[in-house]
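Undergrad: Pasting in a structure now, in structure tokens, and then I'll have a few things to ask.
The values are calculated or read from the model by the stated rules, or taken from the named source; none is laboratory data. These numbers were taken from a predicted model, which means no experiment stands behind them. Cβ: placed from backbone, ideal geometry, glycine included. Neighbour counts: every protein chain shown. SASA here: full protein model, heavy atoms, side chains in, ligands and nucleic acids out. Shrake-Rupley method; radii C 1.70, N 1.55, O 1.52, S 1.80 Å.
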Amino acid sequence: TITTATVVAPALPNQFIPTADLPLGRYQVRVRATDAADQLGDWSSFVNFTVKTAPVVTAPAASVTTLRPTVTWNPVAGATSYQVILTFFTDNGTPPITTTVSGTSWTPTQDLKLGEYRVTVQAVNANNESGNVSTVRSFLVQKAPVSIQPIGRVPDTTPTFAWNAVLGADRYELVVSKKFGALDVVVNQANLTTNFYTQPSELGLGRYTYRIRAVNTPSNSSAAQVVSNYSPVYEFVI
């Protein structure tokens, strides 16, 4: 017996709410009436029900720049473990990550790609009875490129631009502008498939700024949004 209670009529003649959350599992309940003289009526038939509480996923945020974001959720009464399923939604061909943990958080053991992810959590009790699956939580992994060169004073009028590759990016955009005069754009490359680019024509003496954008265009037809992120603005002087 989990709980017994007396409900006094007429204030609440036909309902009872437990004072604490019931653990995951299967239950049965029955009711009997008592009159003013404390004469007991017959018990009702048992009614069976199952508690299948779903966790509430609380993290990660809608957009993260870390490649291993931590997933967290609220605990479920009676749960001894939780099953986490993480799906890469942007591209096809990456199998979901499924893992079982005993706590209320989980961090991937491998770097995630640039793109959109969806995660669900399901609680399980000691009898291997599962609760409902949590509401899907979607988030974006948006790692920004980091420039390697050029930075500072550059004795080269045809500099090579290079940056750290972003996992999952299928192209990069590079825009270089003058930081003098009319601030003209002197390089505008929108479909680079490598993480470097050498300027073929000479740039004049002066100060320049540039920015790199990593882009993942979805191969999954159900994923509509392009996922990308920009590097900081970098400067160099020829």
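Undergrad: Kindly list the number of the only condition in (1) more than 28 Å from residue 87 (Cβ to Cβ); (2) of a type in the set (A, V, I, L, M, F, W, C); (3) open to solvent by less than 40 Å² (accessible area, probe 1.4 Å) that fails for residue 180.
TA: The failed condition is (3).
Undergrad: Here's something else I'd like to know. Tell me, which strands (runs of 3 or more DSSP E) lie completely within the stretch 1-84 with 3 or more residues that are open to solvent by less than 60 Å² (accessible area, probe 1.4 Å) and under 30 Å from residue 99 (Cβ atoms)?
TA: Per the criteria, 71-73.
Undergrad: List the pairs whose first member sits in the stretch 54-68 and is farther than 21 Å from residue 226 by Cβ and at pLDDT 95 or above, whose second member is open to solvent by less than 60 Å² (accessible area, probe 1.4 Å) and of a type in the set (Gly, Ala, Ser), and whose Cβ atoms are under 7 Å apart, counting only residues at least 6 apart or on separate chains?
TA: Partner pairs satisfying both residue conditions: 54/131; 54/134; 55/123; 55/134; 56/134; 57/134.
Undergrad: Which residue out of 209, 135 is at pLDDT 95 or above, open to solvent by 80 Å² or more (accessible area, probe 1.4 Å) and among the hydroxyl-bearing types (Ser, Thr, Tyr)?
TA: Just a single option satisfies the conditions, and that option is 135.
Undergrad: From the list 195, 216, pick out the single residue that is surrounded by 12 or more Cβ atoms within 10 Å (Cβ to Cβ), out of contact with any Pro (no Cβ under 7 Å at 6 or more places or on another chain), in contact (Cβ under 8 Å) with a residue 60 or more places away in the chain and not acidic (Asp, Glu).
TA: 216
Undergrad: Here's something else I'd like to know. Among the listed residues 186, 226, 175, which satisfies the condition of being free of Cβ contacts under 8 Å to residues at least 12 places away in the same chain and open to solvent by 40 Å² or more (accessible area, probe 1.4 Å)?
TA: Just one listed residue meets the conditions, 226.
Undergrad: I've got another one for you. Can you tell me which condition residue 109 does not meet? The list is (1) modelled with pLDDT under 95; (2) of a type in the set (Val, Ile, Thr); (3) out of contact with any strand residue (DSSP E or B) (no Cβ under 7 Å at 6 or more places or on another chain), and all the others hold.
TA: (1)
Undergrad: Of the conditions (1) free of Cβ contacts under 8 Å to residues at least 40 places away in the same chain; (2) in contact with a Gly (Cβ under 9 Å, 6 or more places away or on another chain), residue 36 clears all except one; give me its number.
TA: So residue 36 meets the others, but not (2).
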